[in-house]
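Below is one structure; the comments refer to it alone.
Rule-based calculations on the coordinates, nothing more; no lab input. Just so we're clear, the structure is a prediction, and the values are computed from it rather than from any experiment. Cβ sites come from the backbone with ideal geometry, for glycine too, and all protein chains shown count toward neighbours.
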Amino acid sequence: MGEVMNKLTKSVLAAAALATALGGIASPAFAQRDPAYASARAAGQVGERMDGYLGIVVAETPALRRIVNDINIKRRAVYSERAKATNATIEEYALTAGCQAILATAVGEKYQAPDGSWQTRTSAAPLRDPRCP
Amino acid sequence: MNDPKLTGRVAAAMLATVALGGCITVNAPEEPIVIELNVNIRQEVIYRLAEDAGNTIEDNADIF
């Protein structure tokens, strides 16, 4: 019994170690949205702006402003780093990311059309800047 | 006005005016071409960055 338990414990520990190792590798690609951001996005309170940043779609509240500012500060840091790496300006890189982020919106989510209006994503292609790839 | 030198000068001045006028009309249509070029350059930049930006969004799924 003791030996069986020992083997079982070992295999459980090994599995746990493997899961931790895999999780450690996979975590950047599978990083989840903050629950508050995810629910605001799903509720259509925030949406993807043309310029690559998140915008508030409904009447502004301090909570929404906090979520949007937090995301946009992080996005700007990433844009800044990638723009430097690709010899582009932050604005150029952010606009390109905006093209892609709008394209990646799920049905029901909000995005900004080229005329500045907020649109709800349908299964059809989103209305994007004519320069978007 | 019968002075041939003066007539020559007047003719030269008129020619210069015509030539100058010609230059201005040539320059005018160049303007929209320059604007179009700027739009093309921007689109080229966006196309060049598209793949990298797509990867960036995937790698930072928590903030997109």
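Per-residue mean of other chain beta-carbon atoms within 10 angstrom of the beta-carbon, peptide A:120-132?
Rounded to a whole number, the mean comes out at 1.
Can you compute log10 of I(q)/I(0) for region A:34-120 with the Debye formula, treating each Cα as one identical point scatterer, at q = 0.20, 0.25 Å⁻¹?
After summing over all Cα pairs, the log10 values are -0.91, -1.25.
State, to one decimal in nm, how far the label point of A:SER117 lies from the label point of A:ASN69, with both points 7 Å from Cα in the Cβ direction.
For A:SER117 paired with A:ASN69, the spin-label model returns 3.1 nm.
Partner chain Cβ atoms within 10 Å, averaged over the residues of A:77-90 - can you pull that number for me?
3
What is the spin-label model distance, in nm, from A:THR61 to B:LYS5 if the labels are put 7 Å beyond Cα along the C-beta direction?
So the label points at A:THR61 and B:LYS5 sit 9.1 nm apart.
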